[in-house]
Every structure is written in C-alpha cells, then in structure tokens.
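Shown next, in structure tokens, is the structure this report addresses.
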Amino acid sequence: MLRISLLRVSLPCSSSPIFSLSQSHLHSKLRPQAMAYTTSSQNNNKLLFRQLFEKESSTYTYLLADVSHPDKPALLIDPVDKTVERDLTLVKELGLKLIYAMNTHVHADHVTGTGLIKTKVPGVKSVISKVSNSKADVLIEADDKIRFGDLFLEVRPTPGHTLGCITYVTGDGPDQPQPRMAFTGDALLIRGCGRTDFQGGSSLQLYKSVHSQIFTLPKDTLIYPAHDYKGFTVSTVGEEMLYNPRLTKDEEGFKNIMENLNLSYPKMIDIAVPANMVCGLQDLAAMPVEATSN
Ligand SMILES: [Fe+2]
C-alpha cells in the first residue's frame with residue numbers, strides 16, 4: 001500500500017467534534033426527514049476549503065489545505081488548464097504551499113491543469129489512479145492515503161464512468177473534518193452521474209461503485225462532484241440516496257436509463273483525453289494549440 005506522507009504535525013483543534021456531532025444528532029431528531037441531511041460548514045479549523053468553477057466545461061476544482069500546519073500544505077482536485085492562473089493566484093494570496101495537483105479521472109471535456117501547474121510551481125506532484133493507465137508523478141490505488149499536513153484523503157476506486165475513476169474522501173477520525181467530504185468526480189453528480197458510454201465505461205460497474213463506495217459513507221457526508229450543470233454546489237450521501245433519479249433505481253433500471261441517454265459525442269474528447277493521459281507530464285510546447293489555449 002502506498003502512503004504519501006510529507007508533513008505530519010499534530011496541532012490541537014479548538015472545536016470539539018464530539019460535542020458538535022451530538023449537537024447535530026439532536027437537531028436531526030427534531031427536523032423532518034427531508035431536512036435531515038443539511039450541509040454545514042466544516043467542524044475542523046485545520047481545513048481550508050474552496051470550491052472553484054470553470055464555466056465552459058462546468059467543472060469544479062477544489063482547493064484543500066491544512067492551515068494549522070506551519071507550511072500550510074495544499075492540494076488541488078481537478079484543476080482545469082484555463083483557470084490555472086486564477087487557482088495559483090488564490091493559493092499564493094492565501095499563503096499556501098501547493099504540494100499535489102490531482103485528478104479524479106481522465107477527463108474528456110477539458111484539459112487538466114496539472115501539467116501547467118507543474119511548470120509554474122516546481123515541486124508540485126501530479127496524482128491520478130494507476131488503473132487509468134495515465135502518466136503522473138504519483139499513481140494511486142485503493143486504500144492509499146494522500147496526506148497534506150495533519151489531514152488526509154482516502155482513495156476509493158469508483159469505476160464505471162471511466163475505468164480509473166477515483167473518489168477522494170476526507171479522513172475518518174476525530175482530528176479530521178466533520179462531516180466527511182467526498183470528491184466524487186463524475187461517478188456521482190448531484191441528482192445525476194457521469195455517462196458510461198466512453199473510456200471503458202460500464203453502467204453496471206458504476207452502479208456497484210456508487211452503492212459500495214459512496215452510499216456506504218455516513219449519510220451526512222458532503223458530496224462534491226466534478227461538474228454541475230444546474231447550479232448545484234454540494235449535496236450529501238443521504239440526499240442522493242433519497243433523490244438521485246438514476247441511482248435510486250435498481251440495477252436493471254439504472255442500466256436502462258444509462259443505455260438510453262442518447263448523448264452526443266463529447267466535443268472535447270479527442271483533444272482532452274490524449275492530453276490528460278499524460279496527466280501532469282505533458283510537453284506543453286509540443287501540444288496542439290487547441291489543447292492548451294481552448
Ligand atoms: Fe468525466
């Protein structure tokens with residue numbers, strides 16, 4: 001098992017997870033069922049969290065950092081090439097030290113920003129799953145932990161949209177953010193999911209992935225997807241288990257839906273996938289102009 005451990009310092013957390021958990025439990029008992037899984041701010045003053053948006057591909061990029069650590073180590077999940085300048089400016093303004101630029105999968109709708117980030121910030125390591133067959137500095141597998149300061153992300157394989165899809169989940173423990181946060185890529189979107197007709201996709205596999213790797217998390221786990229096309233920003237496991245129009249169906253019903261979506265050919269796929277297969281290591285100068293500037 002690969003362990004990525006760079007900066008580990010234990011610092012006290014001023015908020016008490018036990019107190020807050022019992023408080024939210026009390027509240028959830030008083031609320032009607034449909035209101036039981038509300039989103040809330042992180043009960044962990046170590047974590048700095050930002051959700052960023054790229055409007056052309058409707059992609060979310062997530063910035064996470066351990067600000068209780070003297071170095072303020074940070075990581076970016078699913079950066080987009082077009083918004084790298086914005087992301088790196090924010091990292092700088094917040095005084096963070098970017099250590100990882102990670103992807104949930106080989107994207108077909110945009111070019112990853114990891115290559116560009118590596119040219120601009122020496123020392124940053126690109127991260128993607130080993131199963132994706134892509135190039136990156138760090139190739140991750142099931143149960144690996146990605147550590148940044150005293151915080152970590154768990155690696156949960158969630159294939160089905162692509163063969164190498166990963167869901168990153170914040171650590172389980174009293175000194176980790178509560179409620180937990182799951183960065184689901186395209187495996188689980190808010191009230192939807194990624195298509196399964198390209199890149200080694202399989203509707204059956206996606207159904208199993210979501211049910212075994214995401215819906216088994218605590219119901220108040222926050223869902224942060226790679227995209228949203230309707231203006232949603234966050235959901236919860238409990239909410240998607242109740243209201244996701246695809247994944248609340250049985251396996252056969254889900255398969256039927258996915259096989260009859262009649263979606264058009266992804267317009268960026270022929271540019272984005274070859275670039276993203278060399279995730280973080282692409283020779284930017286040798287790439288077609290469209291791949292870096294569009
Ligand atoms: Fe995707």
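The values are calculated or read from the model by the stated rules, or taken from the named source; none is laboratory data. Worth saying up front: this structure is predicted, and the values here are computed from it rather than measured. When we count neighbours, we look across all protein chains shown, and the Cβ atoms used for this are built from the backbone with ideal geometry, even at glycine.
Candidates 179, 174: the one that is in contact with an Asp or Glu (Cβ under 6 Å, 6 or more places away or on another chain), farther than 16 Å from residue 129 by Cβ and away from the ligand (no atom under 13 Å from the Cβ) is 179. Does the range 141-156 include one or more residues that are within 16 Å of the ligand (Cβ to nearest atom), farther than 16 Å from residue 65 by Cα and part of a loop (DSSP other than H, G, I, E, B)? Checked against the condition, which is being within 16 Å of the ligand (Cβ to nearest atom), farther than 16 Å from residue 65 by Cα and part of a loop (DSSP other than H, G, I, E, B), the range 141-156 yields no hits at all.
Go through the range 96-113 and give me each residue that's part of a strand (DSSP E or B) and away from the ligand (no atom under 16 Å from the Cβ). Across the range 96-113, the qualifying residues are 97, 98, 99, 100, 101. Given the criteria outside any helix (DSSP H, G or I) and in contact (Cβ under 8 Å) with a residue 60 or more places away in the chain, does residue 233 qualify? When the stated conditions are applied, residue 233 passes them.
Residues of the range 114-139 that are away from the ligand (no atom under 15 Å from the Cβ) and part of a loop (DSSP other than H, G, I, E, B): 121, 122, 123, 124, 133, 135, 136, 137.
Please verify whether residue 197 is part of a loop (DSSP other than H, G, I, E, B) and within 12 Å of the ligand (Cβ to nearest atom), treating the condition exactly as stated. Criteria met by residue 197. Considering only residues in the range 217-244 that are closer than 19 Å to residue 195 by Cα and among the acidic types (Asp, Glu), the one that is farthest from the ligand (Cβ to nearest atom) turns out to be 240. Taking residue 68 as the residue in question, decide whether it is at pLDDT 95 or above, more than 16 Å from the chain's Cα centre (by Cα), polar (S, T, N, Q) and away from the ligand (no atom under 16 Å from the Cβ). In short, yes.
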